[in-house]
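Below is one structure, written out as structure tokens, with a few remarks after it.
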Amino acid sequence: MAHQERPETTSEAGNQISTVAQQNLLTCSPDTSLQAVTQLMQENTCSSILVIDNDQPVGIWTEADALNIDYTSSDQWQKPVADYMSTSLKTISGHHPLEEAAVQMKQQGLRHLVVTDQQNEVSGILTQSDVINHQEAEFFISMTEVRTVLPSQQVPLLEQHHALDDAVKLMKDTKSDAVVVTKKGAPVGLITQRDLIRFISKGKTTTQLRQVMSSPLLSIPQTMSLLATRSLMQKRHIRHLGVNGDNGQLLGLISFQDILDSIEQTYVRRLRTALTSKSIDLQNAKQELHMAHTLIEASMDGIMVTNEDGIIELINPAFSILTGYSEAEALGKSASLISSGKHDAEFYNSMWDSIRQNGFWKGEIWNRRKSGETYLEWLTITRIVEPNSDRVLYAGIFSDITERKKSEQIIENLAYYDPLTKLPNRQLLYDRLDIAIASAHRDKHKVALLFIDLDHFKRINDTLGHTTGDQVLIMVAERIRSVIREGDTLSRLGGDELILLLTEVSDEEIVSRMAKRIIDILQDCLRIQSYELHISASIGCAMYPDDGSNREELLQKSDIAMYRAKQGGRNNFRFYSAKMDEQTHQALKMESRLRKALQNKEFYLEYQPKISLTGNQILGVEALIRWHDQELGQVRPDQFIPLAEDLGLINEIGNWVLQEAATQSQRWQTMALPPLQVSVNVSALQFKQGRVIEQVESALETTALQPDCLDLEITETCLISDLESVTGSLKYLRGLGLSISLDDFGTGFSSLNMLTQLDIDHLKIDRSFMQGIPGAKDKEVLVSTIILMAHNLGFKVIAEGVETEQQMQFLIDKGCDQMQGYYFSKPVSADIIAEMYRKQLTAEPA
């Protein structure tokens, strides 16, 4: 039997621990393996498990104990829980009031207490969630904003490429139960103790945080009330939320523990004792009467006491504030004075049946203010019997929950909809997908899950900013929504990842047509501010029941198919196939091997000549990195360079390329060859990290290479991310004697105004513009215009991707300065370049 974290908020007058504690315990024997224990906790949605030996509790294993595990080896998963459990059981008597448990948990930093009965036998377990959900402090926490209780401790942050054991160490070092996972500094997820339990239960070995984290990081504004925050946590079954400032920046995390710490337990306990105890003697116990009167007057909840006939005998100031009736207007009147007329006789009959049987009733009820306005309130009515006279009174305590209901609507949207695009979020997708799978199983039809990822979306965010990126996401969501069926679900998982759920699918042709409609609808450019942006998407699809029987399998396999679509050239669609699993394993292996490639000396350079179009001579070469892995063989640059950027390795690899290229250029000179300029590509991330100048100066110093023998190729992405800083760096580098080339021109977002500000020497026309020339009139006009514009700005022009004599002649006719491509030479080794250069020199006239 299992005890579960209860999401419902219920509270009873005079709550004792025994009435709240969970009676059905999740238990195991000491020799149960750690993996089996965590699987039980996962299956039963429990945060702890009691270890029993010979019918006696000998220990407890909780989510917090998961911090004491070494995650670098999965060998521990099969060890008995006895090796890791906490043997010191913290207990509390079930007849104590709930407030005492709250105090003990707060003082000792506990999330679980073992509950004992009068014979000191274990009778249940009390969780932090139970305490918070049963504290009668709704009014107090509805008036308290998150920012007033936000912990001052800085939230622990860790980049997503770190290993899981790094996060565990950080949690222990900072005494935190959660770590925010970031991607290039931006929060993308969360690692909690619960994620550790899930990781162990699956028997995995250590891996990167991005593969383990809960994502996305659900965040709330700092002005949200604690009541709304608690409700959101209950709906999502989570214990942590990010808290954002007014500008959307992450201020910190708020947890269930923070809410527990904030509740005014003394106020609640004394008010409850004074007003809901059936033993209050309003006539004879003057001391209790004085205390009750004082608390009634000070209470922020409205309070009304009536006799057995329903005539009002006492109200407090809050009653007048909430209803508009003064004491003179209310006393002696029937309690129906504030009745709204919205409830029928059956409602009131049920209410009074509960009061007669249980001594109290609580619930939502509509009442009416003096102004005639109806409002929703939370009302608790308690039957009180005076011990001396047996006179019956009824005490009603109520609070206006109109704003709370509005907050709950906000919570509903936060819980199930993406705040940016207004699309269903991950949780709502999961709910609908589970229902769709169950329906498909029953009715013998198919379900399709399409994973949609925008191509090069990161470039937009990096160059034009997140505000523009957000606008792109909104417009893309609107376009896709316009072409899908009414019963289908388009959702956003986070970032630029969208999921489309298609139900009642009869065949794959329906899915293919839908994917084509999505790809087609995104073809038209998006106009945002002064930019015209061309967007495309890569789409992968997995089908139920062919590719998976549950949501996890379908999501995983549609994701795999999407990546295959990207590798197939982007702006593409792929169905999942079993062969893709092998390719995914290869990708993971590549990631692992890439981390060691530099130290294993597996990288090398090839060089492609740059040819003068006036003299057909080699003027320089471009250095191009290559990777030959001992296990994977030759790996294409378009596979490992983006991966190196994602893993944060590009700066180190880029520095190696710079050093190696400068060394080779100097080596050619030692072979009695004239100086030959070598071009090196520098990524936007290298500029962003601010190490380019330092690395260039180091390469020149260590190789003694003349600066004019080195050319740096940058992309438009480098410029737009931080134009002022990059132009300053370029000016400094040119001052050293280097030349600068703008690579892949025409594929980014640069403007003519930006070009006039650049301190560069060459402009390189991207190879994509040469495809179809001669013959493609639009490309001919475009290339001609680029050449003319570049010359007018004082730049020399290099055309990439020249593969035919006709293309070369076209460039000569248009006045292009240099070319690069397979027509003259593919990338070759340094020795072949030396041979080609030497032949050129011997062929030149004396």
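The values are calculated or read from the model by the stated rules, or taken from the named source; none is laboratory data. The structure presented is a predicted model; accordingly, all values stated were derived computationally and were not measured. Ideal geometry is used to build each Cβ from the backbone, glycine not excepted, and the neighbour counts take in all protein chains shown. Side chains are part of the model used for accessible areas, which takes the heavy atoms of the whole protein and leaves out ligands, DNA and RNA. Shrake-Rupley method; radii C 1.70, N 1.55, O 1.52, S 1.80 Å.
One table, with the values for the structure above:
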item	result
C525-A186 FRET efficiency (beta carbon distance; Förster radius 35 Å; 0.05 resolution)	0.85
When each of K422/K688; K202/K557; K566/K764 is checked by Cα-Cα distance, pairs over 23 Å	K422/K688; K566/K764
Tilt relative to the chain, helix 226-236 - C-alpha long axis, 0 to 90 degrees, to 10	70
Alpha carbon convex hull of the range 524-624, projected area averaged over orientations, nm²	12.5
Kirkwood-type radius of the range 600-652, with distances r between different C-alpha atoms, in Å	13.1
Cα convex hull of the range 151-217 - mean projected area over all directions, nm²	4.3
Pairs of Cα atoms farther than 18 Å apart, the range 313-413, %	55
Cα centroid of the range 313-361 to Cα centroid of the range 103-118, whole Å	38
Overall Cα dimensions of the range 356-478 - principal axes, largest extent first, Å	80, 45, 27
Dipole of the chain [Lys/Arg +1, Asp/Glu -1 at C-beta], most positive-end residue of S320, P707, L594	P707
Cα convex hull volume per residue for the range 573-673 (Å³)	153
Accessible-area value, S320, 1.4 Å probe, nucleic acids and ligands omitted, Å²	40
Sites excluded, GluC sites (Glu not before Pro) in DSSP loops with at most 16 other C-beta within 10 Å, longest stretch of the chain	632-802
Antiparallel bridges, percent of DSSP beta bridges restricted to the chain (to nearest 5)	75
Mean projection area, nm², convex hull over Cα of the range 343-394	4.6
For the chain, calculated [θ]222 nm from helices alone, where every DSSP H run of n ≥ 4 adds -39500 (n - 2.57)	-12000 deg cm²/dmol
Net charge dipole size for the range 570-707 [Lys, Arg +1 and Asp, Glu -1 on Cβ; Debye, nearest 20]	240
Where labels lie 7 Å past Cα in the beta-carbon direction, separation of Q56 and H445 in nm	6.1
Filtered chymotrypsin sites (Phe, Trp or Tyr not before Pro), the range 801-846: DSSP coil and at most 13 other beta carbons within 10 Å	Y822
Efficiency of FRET between K342 and K106 - r from beta-carbon atoms, R0 51 angstrom, step 0.05	0.80
Rg over Rh [alpha-carbon atoms, Kirkwood Rh] for the range 43-86	0.99
Segment R626-S350, length gained on full extension (0.36 nm per residue, minus Cα span)	91.5 nm
Rg in Å to one decimal, and Dmax rounded to a whole Å, for the chain via C-alpha atoms	35.0, 130
Placed amide H near Q222: partners under 5 Å, 5+ positions off or other chain	N244
In degrees, nearest ten, helix 723-736 long axis to first principal axis of the chain (Cα)	30
Angle between the chain longest axis and helix 508-521 axis [Cα atoms, degrees, rounded to 10]	70
Net lengthening on full extension, L673/S768 (0.36 nm per residue, minus Cα-Cα)	30.8 nm
Per residue, in Å², the accessible surface of the range 534-641 once ligands and nucleic acids are set aside, probe 1.4 Å	48
For the chain: relative contact order, % (alpha-carbon pairs under 8 angstrom, 6 or more apart)	6
Average accessible area per residue (Å²) across the range 330-373 - probe 1.4 Å, nucleic acids and ligands excluded	60
Separation in nanometres of the label points that stand 7 Å from Cα toward Cβ, at E553 and D831	5.3
Apportionment of accessible area to carbon and sulfur, the chain, percent (1.4 Å)	49
Inter-label distance, nm, simple model (7 Å from Cα along the C-beta direction), Q42/D83	2.0
11 Å reach of a label modelled at D546, 7 Å along Cα-to-Cβ, counting backbone N of the range 497-511	506-511
Modelled FRET efficiency - R0 30 Å, D70 with K235, Cβ distances, 0.05 increments	0.30
Relative compactness, the range 121-257, computed as alpha-carbon Rg over 2.2 N^0.38 Å	1.12
